[in-house]
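Engineer: I am attaching a structure below and will ask some questions about it afterwards.
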Amino acid sequence: MEKLFDKLKEYLHMDTEISFEEFKEYYQNLIAELNQTFSELDKDQRIKALYICSIVQSNADARTKTNKANAKTYKKVSAKCAFWADAIKFNLGKDGVSNEEIEKATEEINNSI
């Protein structure tokens with residue numbers, strides 16, 4: 001998860017938008033990582049995964065409106081990231097983490113980037 005988080009930070013500091021192919025590859029790596037390691041992630045890693053999913057989801061939503069050729073793919077990306085974000089929040093909640101704590105933690109990540 002750390003590698004994906006570091007790459008996201010790099011993307012967030014860029015002045016230009018990455019290509020569809022690079023976006024799709026990043027998304028596929030994210031989903032593969034979540035599928036393989038989700039049950040092993042600790043609280044901090046799950047918070048980072050939630051943050052990554054939220055950023056990818058909102059980026060996919062924005063690209064849906066501006067890139068009609070790939071809009072269908074972006075909608076699928078957004079939906080899958082929303083699913084994972086909900087699963088992560090649910091899992092954190094089961095572990096006793098409140099919605100306020102989740103919001104605070106993701107806000108801290110956002111402010112540190």
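Engineer: Would you mind checking LYS43/LYS75; LYS3/LYS43; LYS72/LYS104; LYS24/LYS68; LYS9/LYS104; LYS48/LYS104 for any pair whose Cα atoms are more than 23 angstrom apart?
Structural biologist: Numbers: LYS43/LYS75 28 Å; LYS3/LYS43 17 Å; LYS72/LYS104 33 Å; LYS24/LYS68 15 Å; LYS9/LYS104 19 Å; LYS48/LYS104 12 Å.
Over 23 Å apart, Cα to Cα: LYS43/LYS75; LYS72/LYS104.
Engineer: In debye, nearest 20, what is the charge dipole magnitude of the chain about its Cα centre with +1 on Lys and Arg Cβ and -1 on Asp and Glu Cβ, if you could check? Walk me through the numbers on the way to the answer.
Structural biologist: Numbers: 17 positive and 20 negative charges, 134 e Å.
Using Cβ point charges on Lys, Arg, Asp and Glu, the chain gives about 640 debye.
Engineer: Related question: Which residue, PHE23, PHE90, PHE38, has the most motion in a Gaussian network model of the chain that connects Cα atoms within less than 10 Å?
Structural biologist: PHE90
Engineer: Now for a different question. For helix 2-12, what angle does its Cα long axis make with the longest principal axis of the chain, in degrees from 0 to 90 and rounded to 10?
Structural biologist: 50 degrees
Engineer: Could you work out how far helix 43-66 tilts from the main Cα principal axis of the chain, as a 0 to 90 degree angle to the nearest 10?
Structural biologist: With rounding to tens, the tilt is 20 degrees.
Engineer: A further question follows. Past the 13 angstrom mark, what percentage of all C-alpha to C-alpha distances in the stretch 27-90 do you count?
Structural biologist: Values: 1210 of 2016 pairs.
The calculated P(r) of the stretch 27-90 puts 60 percent of pairs beyond 13 Å.
Engineer: If eta is 1.567 mPa s and T is 4 °C, what Stokes-Einstein diffusion coefficient results for the stretch 7-63, Kirkwood Rh from Cα pairs, in µm²/s?
Structural biologist: It diffuses with D of about 107 µm²/s by this estimate.
Engineer: Accessible surface of GLU17 in the full protein assembly, 1.4 angstrom probe, to the nearest 10 Å²?
Structural biologist: 130 Å²
Engineer: Say each of ILE113 and GLU100 gets a label point 7 Å from the Cα, pointing the same way as Cα to Cβ; how far apart are those two points in nm?
Structural biologist: 2.6 nm
Engineer: As an exercise, take the mean of 1/r over every pair of distinct alpha carbons in the stretch 55-113, invert it, and state the Kirkwood radius in angstroms. The partial results should precede the final answer.
Structural biologist: Working: mean 1/r = 0.0783 Å⁻¹.
Computed over Cα pairs of the stretch 55-113, the Kirkwood hydrodynamic radius comes out at 12.8 Å.
Engineer: Moving on to the next point. With everything on Cα atoms, drop me the angle between helix 71-94 and the longest principal axis of the chain, reported from 0 to 90° to the nearest 10.
Structural biologist: 0 degrees
Engineer: Run lengths n ≥ 4 of DSSP H only: what is the helix-derived mean residue ellipticity at 222 nm for the chain, with -39500 (n - 2.57) per run over all residues, to the nearest 500?
Structural biologist: On the way: 5 runs with 91 residues, N = 113.
Only helices count here, giving -27500 deg cm²/dmol.
The values are calculated or read from the model by the stated rules, or taken from the named source; none is laboratory data. Predicted, not measured: the structure shown is a model, and the values here were computed from it. Positions of Cβ are generated from backbone atoms using ideal geometry, with glycine treated the same way; all protein chains shown enter the neighbour counts. For the accessible areas, the whole protein counts, side chains as well, though only heavy atoms, and no ligand, DNA or RNA atoms are used. Shrake-Rupley method; radii C 1.70, N 1.55, O 1.52, S 1.80 Å.
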